Amino acid sequence: MVEKKLDKGLVFSGVQPTGNLHLGNYLGAIKNWVNLQKEKPCIFCIVDLHAITVAENRFKLKENTLEVAAAYISSGIDPKKSKIFIQSNVSGHSELAWILSCHTPIGWLNRMTQFKDKAGKNKEKAPLGLYSYPVLMAADILLYKSGYVPVGEDQKQHLELSRDIAQSFNRFHDVDFFPIPEPLIMGLATRVMSLKDGTKKMSKSDPSDYSRINMTDNTDDIRKKIQKAKTDSLPFPDNSENLESRPEINNLFNIFCSMSEMNRDKIIKEYSGKDFKKFKEDLFEVINSEISKVSVEMQKLLSDKGYLEDLLKVGAEEAREIAENNIREIKKIINFYNL
Ligand code: TYM
C-alpha cells in the first residue's frame, strides 16, 4: 500500500535488538527505509527498551544492539542522512510513554494480539512492560511528531493504537499537536513466513535456524536453507489464484517477487508446471546476490565497534535535541509546573 506522496513530516521506525535479524526484517522493513530516506528526513531507532520486555533478551543486549546498527548501515541506511540511535540513550521515550499511558484506556491494550501471543497462558506473570509495550511504541513515534512509520504487516495493530493515542491526546487537550501517523506497509513481502511452515511468521525467536534466512548468513547457509525450504508435492502453479491454499509456495513466491522485483506473471510463466528444483536454484541466486553482500558488510562493520559507537552517539545527540524540544512543548500542554 501507500506509495503516495509524503508530506506529513518525519519518518520513524525501529527494530528490536533481539538477535537473528532475518529476511522478514529486511524485506518488511529495513530495505524499504533505504528509499524513504531519499524523500524525507528519517529516524531509525534501535529499540532496546522494547527488547527488555522479554527477560532473556537482556543477555546479549549490547552485541545485538550493534548488530542492528550494522544491519541498518549495511542495507544502505546512510547515517549522514538519517538519524540512527539507541532508544534508551534518549530519555524522552520513557518519559513520553508514561504521559501517553495516562491517555490510553486499558481496554485498548486488552485488544492487542501480540501481548496475548507473547504472554500465552502466563498472563498473570507477564511483566507490565510487555503489556504496555504498544504505548512505548506510540511514544517512540510521537516523540518526534513523526508522520510516517514504515513497518511489516505484523505491526499494523500497534500502529492503529498509536494513531488512537495521538488522537486521544490531541482531543483531551484540545490541540492539534501530534500528527496522526500513517503506517507504511510497503513492498511485496510485508509478511515473510517461516521456511519450515508457511502458516507461521518468519521470526527471530523460532528455535530452528532453518526457518529463516538471517541477515548474517553466508552463501552456504543461504543455499542450504533454500534447498531445505518446505514445498509440497504439486508442481509450480500456473496462476497466482490458488496460491493461498499453498502457504509455503506462496511465501517462496512472494520472496522471489520481492527480491527479484520481477513481475508476478512473468515468474509464473517461467516456472509453471515444473518441479521446484530450478525455482529454488534461482531463488537462492536472487537472495544470495543481495543478502550475502549485506552480511559481509555487517561483519566488516561489527569488527569496528568504535565506529558504530561513535555514530550511534552522534545519532542520539541529534535525536535528543528534537525530543527535548517536543517534551518541553508536551509538558506545557499538560500544564506541568516547569521550575
Ligand atoms: P521487530 O523488531 O519485531 O521487527 C522489525 C521490523 O521488521 C518487521 N518484520 C517483518 N516484516 C515482514 N515479515 C516478517 N516475518 C517480519 N518480522 C518482522 C516488523 O514489522 C518491523 O517493522 N514493535 C516493533 C519495533 C518498534 C517500532 C517502534 C517500529 C518499536 N517502536 C516504532 C516502528 C515504530 C517490533 O517489534 O519490530
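All of the numbers you see were taken from the coordinates with simple rules; none came from a lab. Keep in mind that this is a model prediction, so the values were computed, not measured. As a convention, Cβ positions derive from the backbone with ideal geometry for all residues, glycine included, and neighbour counts pool all protein chains shown.
For region 248-339, rounded, prolate or oblate, judged on the Cα gyration tensor with a ≥ b ≥ c (square roots of eigenvalues), a/c < 1.5 rounded, else prolate if a/b > b/c?
Oblate, because a/c is 1.5 or more while a/b does not exceed b/c.
With Cβ to Cβ distances under 11 Å as the rule, what net charge do the other residues near His93 carry (K, R +1; D, E -1)?
-2
Could you order peptides 42-48, 308-314 by the average number of other Cβ atoms within 10 Å of their residues, highest first?
42-48, 308-314
Pull out a ≥ b ≥ c, the square roots of the eigenvalues of the alpha-carbon gyration tensor of the chain, then state rounded if a/c is under 1.5, prolate if not and a/b is larger than b/c, and oblate in the remaining case.
prolate
Between Ser240 and Glu270, how many nm apart are label points set 7 Å from Cα along the C-beta direction?
1.4 nm
Taking only Cα atoms, what is the 0 to 90° angle, nearest 10, from helix 128-143's long axis to the longest principal axis of the chain?
Relative to the chain, helix 128-143 is tipped by roughly 80 degrees.
Among DSSP beta bridges whose residues both lie in the chain, state the antiparallel percentage, nearest 5.
Roughly 15 percent of the DSSP beta bridges within the chain come out antiparallel.
As a test of the formula, what do you get for the chain when each DSSP H run with n ≥ 4 contributes -39,500 (n - 2.57) and the sum is divided by the residue count, at 222 nm and rounded to the nearest 500 deg cm²/dmol?
One gets -16500 deg cm²/dmol as the mean residue ellipticity at 222 nm.
How many angstrom lie between the C-alpha centres of region 71-105 and region 180-209?
Comparing the Cα centres of region 71-105 and region 180-209, I get a distance of 22 Å.
Only sites in a loop by DSSP and with at most 15 other Cβ atoms within 10 Å count here; which trypsin sites (Lys or Arg not before Pro) in region 68-138 make the cut?
Of the trypsin sites (Lys or Arg not before Pro), the ones in loops of region 68-138 whose Cβ has at most 15 other Cβ atoms within 10 Å are Lys80, Lys81, Arg111, Lys121.
By its C-alpha gyration tensor, with a ≥ b ≥ c as the square roots of the eigenvalues, how is region 137-263 shaped: rounded for a/c under 1.5, else prolate for a/b larger than b/c, else oblate?
Judged from the Cα gyration tensor, region 137-263 comes out prolate (a/c at least 1.5, a/b above b/c).
Check the straight Cα-Cα distances from Lys125 and name the lysines below 18 Å, setting aside those fewer than 8 residues away within the same chain.
By straight Cα distance, Lys125 reaches Lys116.
Can you give me the C-alpha center-to-center distance between region 211-257 and region 40-66, rounded to a whole angstrom?
29 Å
Which residues' amide hydrogens lie under 5 Å from the amide hydrogen of His22, considering only partners 5 or more residues apart or on another chain, with H built in the peptide plane?
Met215
Mind pulling the angle between the C-alpha long axis of helix 247-260 and the longest principal axis of the chain? Nearest 10 degrees, somewhere in 0 to 90.
Taking the Cα atoms of the chain, the angle to 247-260 is about 80 degrees.
For Ile86, enumerate residues with amide H under 5 Å from its amide H, sequence gap 5+ or separate chain, H modeled in the peptide plane.
HN-HN under 5 Å from Ile86: Ile46, Ala316.
In straight Cα distance, which lysines are under 25 Å from Lys224, not counting same-chain residues fewer than 8 positions off?
Lys31, Lys196, Lys200, Lys201, Lys204, Lys274, Lys277, Lys278, Lys280, Lys293, Lys300
Once both labels are modelled 7 Å past Cα along the beta-carbon direction, what's the Asn338-Lys116 spacing in nm?
Label-label distance for Asn338 and Lys116, simple model: 4.1 nm.
Kindly rank 175-188, 225-238 from highest to lowest mean number of other beta carbons found within 10 Å of each residue.
Ranked by mean Cβ neighbours within 10 Å, highest first: 175-188, 225-238.
Take the Cβ-Cβ distance between Lys313 and Glu281 as r, set R0 to 35 Å, and report the resulting FRET efficiency rounded to the nearest 0.05.
Computed FRET efficiency for Lys313 and Glu281: 0.20.
Return one number: the angle in degrees, 0 to 90 and rounded to the nearest 10, between the long axis of the Cα atoms of helix 156-173 and the longest principal axis of the Cα atoms of the chain.
The angle comes out near 20 degrees.
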